[in-house]
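S.K.: My questions will all concern the structure given below.
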Ligand SMILES: [Zn+2]
């Protein structure tokens, strides 16, 4: 089987053939850094981390670009409410995202451009669009003229005459057509702005991805990824901007399903309980990653604590075999790259078929079963074969318990102890906080306060929130 992807633009599964043989360019719409990430934000990151790993495992040289949207309405609102500069809000949240991506084992992108660092490129693109009669300045804003691009709506399967007005302008009266979208927004008092030939202002969201993907991957590149919620208007608008300007733009469009809670898209109204930092006090990062990758990337993943628990149990089944086998076999050495066919055919074909991780995980669990049987029969050769195969598969999925990322070591006999310790600390703090709650319940406030002070003394800062106490280590 050759590598194939479901392409949103054609609504078909297409065989993958890169523009340049042996090389693949990938652009992923990254975070809008308006708040710290919840686990919904990580789904897209881990799904496409697996895409990148699989492309590399398949022998491609990959250039992976993931942007950061560091100027937009919510960042400006948060900054205003805190009385700080927007850059401070963006910087703080970008650090939180970077930490979370790293925590769940997403390899960093090759290029991570920020919108505010690419204003000149956006001005060039707007000039090209205005000169080609695809955009026009109006009242300090610059708009894209959707009627000038006959393919508008093709990605999301909509007809222009049935589309609603674009709700991205405070100055909608300036538009020629209510469906036109803003490339650039005029400066408002107190907001950051950049000078352009059409007046001072700031970028609309869509423009940055066209400008940055072209800059780093070229006018035509291979794969564009993002969450399904970005298909319209964001990706529709990216295509219109780039193609109207004469660029080839993305050749394949991959979209991941969202993480939902009771049918609702995850939103900030859920409070803090699903913040990555909070979930990682309950489960280990590798377990969270397993939970996020186990479903097919295109399917919706409904969040529940039970589903998270099941994922934890499934990951631990794999981990138990790997650690036991490594102990019995007496060597935790990396199998190395000298055995290129360590991946079972069933795993390869699953991954080649639009990254079918559920089928790939079936191969993983079959291998764990075989390995456990070999161990039970004291069949060291069989156990070793299973371990080598298993670790190769887990490496593609970013889930090898012996990988330095998870074990906190290069794979010595104590592998896994770093994460284990973290889990124990999390459980101990929770136990202590339960004691404090019990003290409060019996109105023994002196003890409750003493527990809080004691925790703070050892560097654990507790904050009471409507969702219950949260804690973090003092930095
Ligand atoms: Zn984008």
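The values are calculated or read from the model by the stated rules, or taken from the named source; none is laboratory data. Remember, it's a predicted structure, so these values are computed and weren't measured experimentally. Cβ: placed from backbone, ideal geometry, glycine included. Neighbour counts: every protein chain shown.
S.K.: Among the candidates 151, 131, which residue alone is under 14 Å from residue 241 (Cβ atoms) and without any contact (Cβ under 8 Å) to a residue 12 or more places away in the chain? Even if it seems obvious, please write down each step before you answer.
M.R.: Details: 151 fails: without any contact (Cβ under 8 Å) to a residue 12 or more places away in the chain.
Of the residues listed, the single one that is under 14 Å from residue 241 (Cβ atoms) and without any contact (Cβ under 8 Å) to a residue 12 or more places away in the chain is 131.
S.K.: Next up: Can you name every residue in segment 145-167 that is closer than 30 Å to residue 85 by Cα and surrounded by fewer than 20 Cβ atoms within 10 Å (Cβ to Cβ)? Give the derivation first.
M.R.: So the first thing to find is which residues in segment 145-167 are closer than 30 Å to residue 85 by Cα, and the list is 166-167.
Once the filter is applied, which keeps residues that are closer than 30 Å to residue 85 by Cα and surrounded by fewer than 20 Cβ atoms within 10 Å (Cβ to Cβ), segment 145-167 yields only 167.
S.K.: Take the residues in segment 341-358 that are part of a helix (DSSP H, G or I) and without any contact (Cβ under 8 Å) to a residue 40 or more places away in the chain; name whichever of them is farthest from residue 293 (Cα to Cα).
M.R.: First, pick out the residues of segment 341-358 that are part of a helix (DSSP H, G or I): 345-352, 357-358.
If we keep only those that are without any contact (Cβ under 8 Å) to a residue 40 or more places away in the chain too, we end up with 345-346, 350.
Working: 345: 20, 346: 18, 350: 14 Å.
Per the criteria, the residue is 345.
S.K.: May I pose another question? Please verify whether residue 139 is within 16 Å of the ligand (Cβ to nearest atom) and touching a residue at least 12 places away in the same chain (Cβ under 8 Å), treating the condition exactly as stated.
M.R.: Numbers: within 16 Å of the ligand (Cβ to nearest atom): no; touching a residue at least 12 places away in the same chain (Cβ under 8 Å): yes.
Spelling it out, it is not the case that residue 139 is within 16 Å of the ligand (Cβ to nearest atom) and touching a residue at least 12 places away in the same chain (Cβ under 8 Å).
S.K.: Restrict the check to segment 318-330 and report whether at least one residue is without any contact (Cβ under 8 Å) to a residue 24 or more places away in the chain and in a helix (DSSP H, G or I). Before you say what the answer is, go through the steps one by one.
M.R.: Here is the first cut: in segment 318-330, the ones without any contact (Cβ under 8 Å) to a residue 24 or more places away in the chain are 320, 330.
Restricting the remaining residues to those that are in a helix (DSSP H, G or I) gives 320.
Yes, segment 318-330 contains a residue that is without any contact (Cβ under 8 Å) to a residue 24 or more places away in the chain and in a helix (DSSP H, G or I).
S.K.: How many residues are in contact with a helix residue (DSSP H, G or I) (Cβ under 7 Å, 6 or more places away or on another chain), at pLDDT 95 or above and more than 14 Å from the ligand (Cβ to nearest atom) when one looks only at segment 182-191? Don't jump to the end; show me each part of the working.
M.R.: So the first thing to find is which residues in segment 182-191 are in contact with a helix residue (DSSP H, G or I) (Cβ under 7 Å, 6 or more places away or on another chain), and the list is 183-184, 191.
Subset that is at pLDDT 95 or above: 183-184.
Now narrow it down to the ones that are more than 14 Å from the ligand (Cβ to nearest atom): 184.
Final tally of qualifying residues: 1.
S.K.: Looking only at segment 211-225, count how many residues are out of contact with any strand residue (DSSP E or B) (no Cβ under 6 Å at 6 or more places or on another chain) and either within 11 Å of the ligand (Cβ to nearest atom) or over 21 Å from residue 132 (Cβ atoms) (or both). Full working, then the answer.
M.R.: Going through segment 211-225, the residues out of contact with any strand residue (DSSP E or B) (no Cβ under 6 Å at 6 or more places or on another chain) turn out to be 211-212, 214-215, 218-220.
This time we only want the ones that are either within 11 Å of the ligand (Cβ to nearest atom) or over 21 Å from residue 132 (Cβ atoms) (or both), so: 211-212.
Looking only at that region, the number is 2.
S.K.: Here is a follow-up. Just checking, how many residues over segment 75-113 are out of contact with any helix residue (DSSP H, G or I) (no Cβ under 8 Å at 6 or more places or on another chain), touching a residue at least 40 places away in the same chain (Cβ under 8 Å) and not in a helix (DSSP H, G or I)?
M.R.: Result for segment 75-113: 3.
S.K.: A follow-up question, please. Taking segment 19-39 as the region of interest, how many residues are farther than 18 Å from residue 70 by Cα and touching a helix residue (DSSP H, G or I) at 6+ places or on another chain (Cβ under 9 Å)? Talk me through it step by step, then tell me what you get.
M.R.: Start the filter on segment 19-39 by keeping residues that are farther than 18 Å from residue 70 by Cα, which leaves 19-26, 39.
From the residues that got through so far, the ones that are touching a helix residue (DSSP H, G or I) at 6+ places or on another chain (Cβ under 9 Å) too are 24-26, 39.
Of the residues in segment 19-39, 4 are farther than 18 Å from residue 70 by Cα and touching a helix residue (DSSP H, G or I) at 6+ places or on another chain (Cβ under 9 Å).
S.K.: Restricting to segment 279-335, give me the number of residues that are modelled with pLDDT of 95 or more and touching a strand residue (DSSP E or B) at 6+ places or on another chain (Cβ under 7 Å).
M.R.: Adding up the residues that qualify gives 3.
S.K.: Could you list all residues from segment 51-64 that are in contact with a helix residue (DSSP H, G or I) (Cβ under 8 Å, 6 or more places away or on another chain) and buried (at least 22 other Cβ atoms within 10 Å of the Cβ)?
M.R.: 64
S.K.: Please specify each residue of segment 30-64 satisfying the condition of being assigned to a helix (DSSP H, G or I), more than 14 Å from the chain's Cα centre (by Cα) and within 16 Å of the ligand (Cβ to nearest atom).
M.R.: None - no residue of segment 30-64 is assigned to a helix (DSSP H, G or I), more than 14 Å from the chain's Cα centre (by Cα) and within 16 Å of the ligand (Cβ to nearest atom), so the list stays empty.
S.K.: Within 20 Å of residue 29 (Cα to Cα), crowded, with 18+ Cβ neighbours inside 10 Å and at pLDDT 95 or above: is that true of residue 137 in this structure? First the steps, then the outcome.
M.R.: Numbers: within 20 Å of residue 29 (Cα to Cα): no; crowded, with 18+ Cβ neighbours inside 10 Å: yes; at pLDDT 95 or above: yes.
When the stated conditions are applied, residue 137 does not pass them.
S.K.: Sticking with this one: Looking at segment 200-223, which of its residues are outside any helix (DSSP H, G or I) and in contact with a helix residue (DSSP H, G or I) (Cβ under 7 Å, 6 or more places away or on another chain)?
M.R.: Going through segment 200-223, the residues outside any helix (DSSP H, G or I) turn out to be 200-204, 218-223.
Matches in segment 200-223: 203, 221.
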